[in-house]
Amino acid sequence: MTIEEKIKYRFEKKEFLKIALTHSSHAGNAENNERLEFLGDAVLELIISEYLYESHKLSEGKMTKIRSNIVCAESLSKAAYDLYLGDHILLGKGEIVTGGRRRKSNLANAFEAIIGAVFLDSNFETTREMVLRLLDTNIQLALSGALVKDHKTELQEHIQKNSDNVIEYVLEKSEGPEHNKTFYIDLLLNGQCVSKGVGKSKKEGEQDAAKNYMFEVLSK
């Protein structure tokens, strides 16, 4: 099946779909999917925010937590994996060799880029229908608390027991070529480094640092 068949949307301008599936490692001088990912991320947050507001009588804090679970890389990469999206992403040879077709950040970014592409090619309502259909399982799991853990939110809730606590995520360093960087994150609590995290994006590194700290706290 083609991507259009899988997402049940046929593009008027096929170029949008091609760009959405083009990773920076493959692009060369051509446009990659980073700008569409940026747009898709914003559209996705609006769609999920509106859905939660209109469909469920939840507090602001509850809506924020559920939305975070739905739009996080773990959730979006799962949805992309179910679509076999990795088989269609245009990657450079180095990215393919290092497992880029299954890399969560690549899958999640391409999924967001497709949302941005559909939005540009159609309208908000069409994009909304597609997003809610493709993410329906994840949305229901998030509403029941059974999707994924947002470790950063979990940590934020934990430290708020003491209002004087301040957490900060600081990039220690990044390594590797531009298309395949690894990010090392320090988690600071009241100015002191209490945990470290590693990820293929800054967001992944921050989640890893928060997860590592919470593991240490809960295991004591």
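The values are calculated or read from the model by the stated rules, or taken from the named source; none is laboratory data. Being a predicted model, the structure only gives us computed values, none of them experimental. No Cβ is skipped: glycine too gets one built from the backbone with ideal geometry, and neighbour counts run over all protein chains shown.
Worth pointing out:
- Within the set TYR53, TYR81, the sole residue that is surrounded by 15 or more Cβ atoms within 10 Å (Cβ to Cβ), of a type in the set (Phe, Trp, Tyr), assigned to a helix (DSSP H, G or I) and not assigned by TED's automatic domain parsing to the domain that holds GLU204 turns out to be TYR81.
- Scanning the stretch 1-17 for residues that are free of Cβ contacts under 8 Å to residues at least 40 places away in the same chain and over 16 Å from GLU129 (Cα atoms) yields MET1, THR2, LYS14, GLU15.
- Test: residue in the stretch 82-96 that is aliphatic (A, V, I, L, M), over 15 Å from the mean Cα position of the chain (by Cα) and within 24 Å of GLU206 (Cα to Cα): no
- Counting the residues of the stretch 28-76 that are more than 23 Å from LEU141 (Cβ to Cβ), at pLDDT below 90 and touching a His at 6+ places or on another chain (Cβ under 9 Å) gives 0.
- Within the stretch 86-131, being in a helix (DSSP H, G or I), among the hydrophobic types (A, V, I, L, M, F, W, C) and modelled with pLDDT under 95 holds for ILE96, VAL97, LEU107, ALA108.
- Where ILE70 falls short, out of the listed (1) crowded, with 17+ Cβ neighbours inside 10 Å; (2) touching a strand residue (DSSP E or B) at 6+ places or on another chain (Cβ under 8 Å): (2)
- All of LEU90, LEU134, LEU107, LEU141 fail the test of being in the same structural domain as ALA73 (by TED's automatic domain parsing), touching a strand residue (DSSP E or B) at 6+ places or on another chain (Cβ under 7 Å) and within 29 Å of LYS8 (Cβ to Cβ), apart from LEU90.
- In the stretch 103-121, the qualifying residues are those that are over 14 Å from LEU39 (Cα atoms) and of a type outside the set (D, E, K, R), and the one that is surrounded by the fewest Cβ atoms within 10 Å (Cβ to Cβ) is SER105.
- The listed residues are LEU188, LEU141, and the only one of them that is surrounded by 14 or more Cβ atoms within 10 Å (Cβ to Cβ) and assigned to a helix (DSSP H, G or I) turns out to be LEU141.
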